[in-house]
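Please read the structure below before turning to the comments.
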Amino acid sequence: MVVTLDEFMKTTSQSKPSAGLSPALVALWYDAHGDWDTAHQVAQDIPDPIGAWVHAYLHRKEGDIDNARYWYRRAAKPECTMSLADEFRDIAQSLIAHP
């Protein structure tokens, strides 16, 4: 079980996500692992505001700001203006703290 952000980040060097991760953390895992497409596929199958938040981040990373804005609204989150790395950490930390 992942307990800290550092522990989560260490798992991204493995060949597959750790068992027991939430779908949102799995999506972030794939993104950190360099597989945006799989991260996006996982995120779009999460039907709640958490999934929408990860989805927004992924579209922002992709450079599709209009689509990202849509997903931020679905997540009930303000449009993010911090760095992508900081947003990734914020989302991951939130998911780890509140599984």
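The values are calculated or read from the model by the stated rules, or taken from the named source; none is laboratory data. Predicted model only: the values in this text are computed from it and were never measured. Here the Cβ positions follow ideal geometry from the backbone for every residue, glycine too, while neighbour counts run over all protein chains shown.
Pairing each residue of the range 19-44 that is under 19 Å from G63 (Cα atoms) and in contact (Cβ under 8 Å) with a residue 60 or more places away in the chain with any residue that is assigned to a helix (DSSP H, G or I) and among the aliphatic types (A, V, I, L, M), provided the two are 6+ apart or on different chains, yields C-beta distances under 8 Å for L28/A39; L28/V54; L28/I91; L28/A92; L28/L95. When residues in the range 6-59 are screened for being outside any helix (DSSP H, G or I), surrounded by 12 or more Cβ atoms within 10 Å (Cβ to Cβ) and of a type outside the set (D, E, K, R), 7 of them pass. The selection criterion, being aromatic (F, W, Y), over 22 Å from H98 (Cβ atoms) and under 11 Å from the mean Cα position of the chain (by Cα), holds for W36. In the range 60-71, what residues are buried (at least 20 other Cβ atoms within 10 Å of the Cβ) and among the aromatic types (F, W, Y)? The answer is W71, and nothing else. Of all residues in the range 24-46, exactly one satisfies the criterion of being under 16 Å from R74 (Cβ atoms) and modelled with pLDDT under 95, namely Q44. Filtering the range 79-99 to residues that are out of contact with any helix residue (DSSP H, G or I) (no Cβ under 6 Å at 6 or more places or on another chain), surrounded by fewer than 15 Cβ atoms within 10 Å (Cβ to Cβ) and touching a residue at least 12 places away in the same chain (Cβ under 8 Å) leaves only P99. Considering the range 1-52 alone, what residues qualify as being under 15 Å from A85 (Cα atoms) and hydroxyl-bearing (S, T, Y)? Those that are under 15 Å from A85 (Cα atoms) and hydroxyl-bearing (S, T, Y): T12, Y30.
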